[in-house]
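K.L.:
Could you have a look at this structure, given as structure tokens, before my questions?
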Amino acid sequence: MKMNKKLNGWIATKAIGLVGKIEYRRLIKACRYPEETAEKTLRGILKYAKDTEFGKKYGFAEILAAKNRDEFFALWRKNVPAKDFEFFRPMIERHEHGEANILFPGKPRMYATTSGTTNKPKLCPMTDKYIDDVYGKMTRLWLYNFMLNRPKVFYGSFLNIVSRKVEGYVADGTIYGSVSSTLRSEAPSFIKSLYPNPDCVYDIRDYTAKYYVLMRMSVETPVSCLLTGNPSTIIELQNNCDQFFDEYINDIEHGTLTDKVEIEPEIRAEIQTWLKPNPQRAAELRELKAKYGRVLPKHIWPDIMIMNTMKCGNTRIYVKKFQGYFPKSMLFQELGYIASECRFGLCMDDSINTILFPQFHYYEFVAEEDIDTFNAGGEVKFHQVYELTQGKRYCPFVTTYSGLYRYNMNDLIEAGPRFENTNTVFMIRKINGIVNMTGEKLSEPQFVEAVMDAEKELGMHLEFFVGFAKVEESRYHFYFEFTDKNTSEEDVAKFTAKVDELLKEKNCEYEAKRKSFRINDPVGHKLVDKAFAKYKAAYIKKIGGNVCQFKLNLLLQDEVRRGFFEHLIAK
């Protein structure tokens, strides 16, 4: 077994080194000449889709006939509107019902799911070309990046947490689900050999059971790389470890899978074929429990080399909660600016800066100060990828080989340092992370900072928090899960008042509206234990979506989501 592991690690290192270096050189060339790359990429997308219904309607052939670069981009902006998902939804739904050649040639291979910003989930089409080019070629570069940072990373196991490969089927029978899970299942054998668990684990419906199996199988092996899109998953894995560590030990010792968690019989049977008694590892884990009491990842996997997950925007709230969980020698790498609609790029060091993929996407950007004008239907300047200014913030618009043209990501990103001659970017927040009941324009970062400052000033600590604007009351409702479960209602009120006070300091319009009674006193609520995990499970069960792509802004105006938290108020 050790020889096989060593051989697989050697094969993976050599193979990824070869194909990854090729893609890395292509990326360098694309970013070194951004003007030429932007034109070449957009021309390639238009040629690919010029004979589709969308291409004919918006004059792709006319745009391609432009005599020079300036005319080409001018015709593009003139002919094709910049829109959000709802503009594309009717055309995507025609694809879902079996029609071909609407947004792109043929039909999609699959649809990527996301909860979206509206009540109706998005199904984002993924063409063969997009999956093969971006999720195929760039995954090789992603893995190559791991090897550049930690040369021996492929000699351990990769704990890769993804969503269900198949969430369901659209009208014509095409699947919708997780692109990451699809790629995982289609990986070459030398990569699959790195996984400590079979693909079927991600089909377990009960999340507690799913996390149990992932941890039970992973603590048995030396994990060198942990990959998950959402850092809140790390918290949930540790919660599972705290609850079930003794069961892990018993199962590993006897090669079993406890019946204390609910697993579908056919999945349980498949998992069981991976298991065998391992009393030596069970004994090691017992020693860890005796020595540390609470066993953390740094105890289980002292030689883990890389963790790759998001740490920008809202996610820093969850990242803060697992400080000290991992060895100091581990590279904690940002996953990069990525969404269901588009994999913008990746990070290749320990910064939060995403290197863009200009050879696969055509990017445009609207400056932060022009966003309101754009949303109001006014004329604004669309900046090219080579026109960004480091430190300035923008809303990105993307054009892809999957039928999204001048698609408004509705995100606020900041331009970072250049990679070659192309600026990197990093995520700030969703643009809709601003609530404006009566002119206050309270932003999510202001709310997050107020809560974090209140924690410091009052010495009261939170596991989770979220805020909602209730327009009918002209009032904010704040929901707090306190670390101290004995926090009194008086202390909840005290904490809420402090947040309110800090918000007045951070936002003069909020202060003015509070003083003029246009916004009433906020109301604070104490949440039950593990409120976020319970909310997520309940929301996905009722509304849909999947666990790894689950998104929640921390400041919203959304009565549907607020209703879930009303049921999680501690009595």
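The values are calculated or read from the model by the stated rules, or taken from the named source; none is laboratory data. Remember, predicted model here, so these are calculated numbers, not experimental data. Positions of Cβ are generated from backbone atoms using ideal geometry, with glycine treated the same way; all protein chains shown enter the neighbour counts. Note: areas computed on protein heavy atoms with side chains; ligands, DNA, RNA excluded. Shrake-Rupley method; radii C 1.70, N 1.55, O 1.52, S 1.80 Å.
K.L.:
Could you list all residues from region 424-442 that are over 26 Å from ARG32 (Cα atoms) and not in a loop (DSSP other than H, G, I, E, B)? Step through it out loud before you land on a result.
P.N.:
Of all residues in region 424-442, those over 26 Å from ARG32 (Cα atoms) come to 429-442.
Those that are over 26 Å from ARG32 (Cα atoms) and not in a loop (DSSP other than H, G, I, E, B): ARG429, LYS430, ILE434, VAL435, LEU442.
K.L.:
Does ILE92 count as buried (at least 18 other Cβ atoms within 10 Å of the Cβ), free of Cβ contacts under 8 Å to residues at least 60 places away in the same chain, of a type in the set (A, V, I, L, M, F, W, C) and touching a Leu at 6+ places or on another chain (Cβ under 7 Å)? Steps first, please.
P.N.:
Numbers: buried (at least 18 other Cβ atoms within 10 Å of the Cβ): yes; free of Cβ contacts under 8 Å to residues at least 60 places away in the same chain: no; of a type in the set (A, V, I, L, M, F, W, C): yes; touching a Leu at 6+ places or on another chain (Cβ under 7 Å): yes.
So ILE92 does not fit the description; no.
K.L.:
Restricting the search to region 453-480, which residues are more than 12 Å from GLY524 (Cβ to Cβ), touching a strand residue (DSSP E or B) at 6+ places or on another chain (Cβ under 9 Å) and either small (Gly, Ala, Ser) or assigned to a loop (DSSP other than H, G, I, E, B) (or both)?
P.N.:
Residues satisfying the conditions are HIS461, ALA469.
K.L.:
Among the helices (runs of 4 or more DSSP H) contained in region 112-217, which hold 3 or more residues that are open to solvent by less than 40 Å² (accessible area, probe 1.4 Å)? Walk me through how you get there before you give the answer.
P.N.:
Numbers: elements: 138-149, 179-185, 189-192.
The helices (runs of 4 or more DSSP H) meeting that bar are 138-149, 179-185.
K.L.:
Just to be sure before I move on: is GLY229 of a type in the set (Gly, Ala, Ser) and open to solvent by 10 Å² or more (accessible area, probe 1.4 Å) in the structure I sent? Walk me through it before giving the result.
P.N.:
Numbers: of a type in the set (Gly, Ala, Ser): yes; open to solvent by 10 Å² or more (accessible area, probe 1.4 Å): yes.
For GLY229, the condition - of a type in the set (Gly, Ala, Ser) and open to solvent by 10 Å² or more (accessible area, probe 1.4 Å) - is met.
K.L.:
Next question, about the same structure. For the condition free of Cβ contacts under 8 Å to residues at least 40 places away in the same chain and farther than 20 Å from VAL466 by Cβ, what is the one hit in GLU511, GLU501?
P.N.:
Working: GLU501 fails: farther than 20 Å from VAL466 by Cβ.
Selected residue: GLU511, the only one of GLU511, GLU501 that is free of Cβ contacts under 8 Å to residues at least 40 places away in the same chain and farther than 20 Å from VAL466 by Cβ.
Every residue, every condition in (1) assigned to a loop (DSSP other than H, G, I, E, B); (2) under 20 Å from LEU141 (Cβ atoms), yes or no:
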| site | (1), (2) |
| --- | --- |
| TYR318 | no, no |
| LYS321 | no, no |
| TYR325 | yes, no |
| GLN333 | no, yes |
| MET348 | yes, yes |
| ILE352 | yes, yes |
| PHE360 | yes, yes |
| PHE365 | no, no |
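K.L.:
Tell me which residues, restricted to region 248-265, are over 16 Å from ASN197 (Cβ atoms) and within 31 Å of the chain's Cα centre (by Cα).
P.N.:
The answer is LYS260, GLU262, PRO265.
K.L.:
Going through region 424-467 one residue at a time, which ones are open to solvent by less than 40 Å² (accessible area, probe 1.4 Å), of a type in the set (Asp, Glu) and under 21 Å from ASP529 (Cβ atoms)?
P.N.:
Answer for region 424-467, where residues must be open to solvent by less than 40 Å² (accessible area, probe 1.4 Å), of a type in the set (Asp, Glu) and under 21 Å from ASP529 (Cβ atoms): just GLU455.
K.L.:
Yes or no: region 1-12 includes at least one residue that is among the β-branched types (Val, Ile, Thr), modelled with pLDDT of 95 or more and either surrounded by 14 or more Cβ atoms within 10 Å (Cβ to Cβ) or farther than 24 Å from THR424 by Cβ (or both). Outline the logic, then answer.
P.N.:
Within region 1-12, the subset among the β-branched types (Val, Ile, Thr) is 11.
Now narrow it down to the ones that are modelled with pLDDT of 95 or more: none.
The answer is no; no qualifying residue exists.
K.L.:
Now for a separate question. Do you know which residues across region 355-390 are of a type outside the set (A, V, I, L, M, F, W, C) and closer than 20 Å to SER402 by Cβ?
P.N.:
First, the residues of region 355-390 that are of a type outside the set (A, V, I, L, M, F, W, C): 358-359, 361-364, 368-370, 372-373, 375, 377-379, 381, 383-384, 386-387, 389-390.
Scanning region 355-390 gives PRO358, GLN359, HIS361, TYR362, TYR363, GLU364.
K.L.:
Turning to a different aspect of this structure: Restricting attention to region 22-65, which residues are open to solvent by 10 Å² or more (accessible area, probe 1.4 Å) and either modelled with pLDDT under 95 or not in a helix (DSSP H, G or I) (or both)?
P.N.:
The answer is TYR33, LYS50, ASP51, TYR58, GLY59, ALA65.
K.L.:
Can I ask one more? If I ask for residues that are open to solvent by less than 50 Å² (accessible area, probe 1.4 Å), part of a loop (DSSP other than H, G, I, E, B), without any contact (Cβ under 8 Å) to a residue 60 or more places away in the chain and not hydrophobic (A, V, I, L, M, F, W, C), which ones from region 291-316 would you list?
P.N.:
GLY293
K.L.:
Test VAL319 against the criterion of being of a type in the set (A, V, I, L, M), open to solvent by less than 30 Å² (accessible area, probe 1.4 Å) and over 30 Å from GLU53 (Cβ atoms), and give yes or no.
P.N.:
Working: of a type in the set (A, V, I, L, M): yes; open to solvent by less than 30 Å² (accessible area, probe 1.4 Å): yes; over 30 Å from GLU53 (Cβ atoms): yes.
Criteria met by VAL319.
K.L.:
I need the full set of residues from region 516-541 which are modelled with pLDDT under 90, open to solvent by 30 Å² or more (accessible area, probe 1.4 Å), assigned to a helix (DSSP H, G or I) and out of contact with any helix residue (DSSP H, G or I) (no Cβ under 8 Å at 6 or more places or on another chain), in order please.
P.N.:
LYS541
K.L.:
Could you check region 392-423 and list, in sequence order, the residues that are among the polar types (S, T, N, Q), in a strand (DSSP E or B) and open to solvent by 10 Å² or more (accessible area, probe 1.4 Å)? Can you show your working first?
P.N.:
To start, the set of residues in region 392-423 that are among the polar types (S, T, N, Q) comprises 399-400, 402, 408, 410, 421-423.
Subset that is in a strand (DSSP E or B): 399, 408, 422-423.
Once the filter is applied, which keeps residues that are among the polar types (S, T, N, Q), in a strand (DSSP E or B) and open to solvent by 10 Å² or more (accessible area, probe 1.4 Å), region 392-423 yields only ASN408.
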